[in-house]
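What follows is a single structure, written as structure tokens, with notes after it.
The values are calculated or read from the model by the stated rules, or taken from the named source; none is laboratory data. Because the structure is predicted, anything quoted here is derived from the model rather than measured. Glycine gets a Cβ as well: all are built from the backbone with ideal geometry, and neighbour counts include every protein chain shown.
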């Protein structure tokens with residue numbers, strides 16, 4: 001069965017031709033024609049998620065792992081507004097979500113008709129562009145042309161540098177489920193992307209500008225990129241270059257350091273001044289590490305800060321930005337590194353950082369090896385057990401920060417919703433990612449984040465390649481560590497910031513048909529992990545129960561121990 005709504009058929013055909021293969025839909029009547037149109041495409045996979053907030057994060061995870069555009073469809077009214085958090089995350093991550101909302105005809109907006117709000121441009125601050133396909137009287141050929149043009153432009157906009165979400169609002173009149181005839185194949189507008197790389201002349205000019213500079217490369221969250229990995233690995237061999245890359249930068253270069261907080265936190269005051277770079281080059285998205293941000297703001301680089309790659313705006317995180325280089329990072333580092341290598345380079349900068357890294361890791365290993373059962377001990381055990389073929393999803397708060405400290409080797413890929421850094425939707429994003437990735441997807445989340453996104457478990461029941469570790473430490477463990485809230489009176493802090501979740505993962509797993517395990521000590525965790533990461537015909541939850549206050553104390557003492565101040 002298909003629909004008689006021509007605009008919906010055109011939209012489905014164009015999105016299919018532009019590479020969309022996954023569509024996440026939430027049940028509704030106004031969007032029924034859209035669902036039928038997408039269902040008519042045999043090569044499109046439809047995933048049904050009832051809760052629109054969860055649905056949009058599932059679509060986000062699908063797009064992250066598949067590296068393809070993903071559509072997410074909702075009915076009219078407030079349903080669209082529930083897409084907001086995930087759309088904002090997609091905007092700052094540069095994820096091509098195609099947001100499609102069914103709407104009532106324009107004449108019924110603000111007329112007290114049910115489920116009518118001002119939908120067009122409702123998400124305008126967090127999409128690259130908004131489109132409105134009207135339900136109005138116009139010559140049939142013009143209506144067909146308009147729907148086709150807007151659908152093509154929406155796809156091209158979402159996929160053009162920098163990638164990001166778009167919103168298509170489709171006005172639909174009743175009746176909504178009248179059957180129709182399929183349309184002939186629609187016109188598809190192609191785009192030719194020029195090679196956005198710096199020229200050899202530009203590379204030589206930049207190398208001349210950076211002559212004699214000690215260069216620090218700082219990499220934030222990114223999709224895995226084999227070409228960038230090779231280019232940065234080669235670039236990092238220069239004696240005046242050192243690379244700091246966060247775990248969610250998805251780099252496997254064998255040089256530099258991914259434990260950014262450990263490295264920077266270990267520097268003495270004299271080392272901070274002496275090792276401050278002359279030039280900072282950044283690549284990727286927002287940084288988790290507050291240590292590197294504070295450091296480079298306190299010691300501005302003499303030659304400034306170059307931001308490499310396509311970004312949605314001018315990002316001046318260190319207050320020293322001097323260049324935006326709008327080129328593909330892999331081609332930039334390859335050409336710039338080649339030009340730089342021909343010059344007389346200062347020696348010893350990379351070696352000095354490497355000495356600090358070895359010292360910091362020695363202190364790190366000595367400390368972590370002595371701590372008792374806690375978040376730190378549990379996380380260390382988990383990260384040391386991960387196979388290289390696993391995709392990891394981290395919730396915001398405690399898990400991503402422990403990954404920054406404890407994870408020496410990044411598995412196949414690692415993601416965290418750091419575009420906005422909210423806790424909402426972490427589980428839903430992992431569900432979507434597990435539907436797109438052929439191996440295991442492991443979500444490591446806190447109990448507060450887990451509780452916030454319980455509706456995702458309805459979809460997790462169909463995600464057999466998903467594994468979830470819930471750190472049950474009494475809720476909001478990060479608030480027992482960060483200075484703002486850690487200094488509060490314990491009663492106030494626990495009441496308003498570290499409120500324990502009202503639910504236990506075990507009965508939830510049973511209710512949603514998921515397998516369940518638990519661990520309350522290191523030995524139980526070591527026994528549980530092989531089973532968790534083994535074969536299963538359904539998703540599995542592992543609850544890791546750790547003491548709250550002891551975990552916060554151990555983390556605070558960690559930074560006091562590794563510091564050379």
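Below is a table of values for the structure above.
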item: Helices (runs of 4 or more DSSP H) wholly inside the stretch 197-291 containing at least 3 residues that are crowded, with 20+ Cβ neighbours inside 10 Å and within 28 Å of the chain's Cα centre (by Cα); result: 226-235, 260-265
item: Hits in the stretch 336-364 (condition: part of a loop (DSSP other than H, G, I, E, B) and touching a helix residue (DSSP H, G or I) at 6+ places or on another chain (Cβ under 9 Å)); result: 342, 343
item: Failed condition for residue 190, given (1) under 30 Å from residue 72 (Cα atoms); (2) more than 25 Å from the chain's Cα centre (by Cα); (3) crowded, with 17+ Cβ neighbours inside 10 Å; result: (3)
item: Hits in the stretch 445-476 - residues which are modelled with pLDDT under 90, on the phi < 0 side of the Ramachandran plot, surrounded by fewer than 24 Cβ atoms within 10 Å (Cβ to Cβ) and not in a helix (DSSP H, G or I); result: 461, 462
item: From 111, 115, 107, residue being in contact with a helix residue (DSSP H, G or I) (Cβ under 6 Å, 6 or more places away or on another chain), surrounded by fewer than 23 Cβ atoms within 10 Å (Cβ to Cβ), at pLDDT below 90 and farther than 19 Å from residue 186 by Cβ; result: 115
item: Hey, residue 490 at pLDDT 95 or above and surrounded by fewer than 18 Cβ atoms within 10 Å (Cβ to Cβ) or not; result: no
item: Some residue of the stretch 380-392 being under 19 Å from residue 263 (Cβ atoms) and surrounded by 13 or more Cβ atoms within 10 Å (Cβ to Cβ); result: yes
item: Residue 536 vs. criteria surrounded by 15 or more Cβ atoms within 10 Å (Cβ to Cβ) and assigned to a strand (DSSP E or B); result: no
item: Residue in the stretch 163-172 that is in contact with a strand residue (DSSP E or B) (Cβ under 6 Å, 6 or more places away or on another chain) and at pLDDT below 85 present; result: no
item: Filter result (in contact with a strand residue (DSSP E or B) (Cβ under 8 Å, 6 or more places away or on another chain) and within 20 Å of residue 304 (Cα to Cα)) within the stretch 265-288; result: 277, 278, 279, 280, 281, 282, 283, 284, 287
item: Qualifying positions in the stretch 315-335 - in contact (Cβ under 8 Å) with a residue 60 or more places away in the chain, part of a loop (DSSP other than H, G, I, E, B) and crowded, with 18+ Cβ neighbours inside 10 Å; result: 327, 328
item: Residue 554 farther than 17 Å from residue 386 by Cα, in the same structural domain as residue 451 (by TED's automatic domain parsing) and surrounded by 15 or more Cβ atoms within 10 Å (Cβ to Cβ); result: yes
item: Wholly within the stretch 1-93, strands (runs of 3 or more DSSP E) carrying at least 3 residues that are in the same structural domain as residue 105 (by TED's automatic domain parsing) and buried (at least 23 other Cβ atoms within 10 Å of the Cβ); result: 22-25, 70-74
item: Within the stretch 129-156, tally of residues that are buried (at least 19 other Cβ atoms within 10 Å of the Cβ) and in contact with a strand residue (DSSP E or B) (Cβ under 8 Å, 6 or more places away or on another chain); result: 7
item: Failed condition for residue 30, given (1) at pLDDT 95 or above; (2) within 22 Å of residue 134 (Cβ to Cβ); result: (1)
item: Any hit, the stretch 414-427, residues being assigned by TED's automatic domain parsing to the domain that holds residue 548 and part of a helix (DSSP H, G or I); result: yes
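Each row is one residue, and each column tells you yes or no for (1) assigned to a loop (DSSP other than H, G, I, E, B); (2) assigned by TED's automatic domain parsing to the domain that holds residue 72.
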| residue | (1), (2) |
| --- | --- |
| 101 | no, yes |
| 115 | yes, yes |
| 119 | yes, yes |
| 125 | no, yes |
| 141 | no, yes |
| 148 | no, yes |
| 161 | yes, yes |
| 179 | yes, no |
| 190 | yes, no |
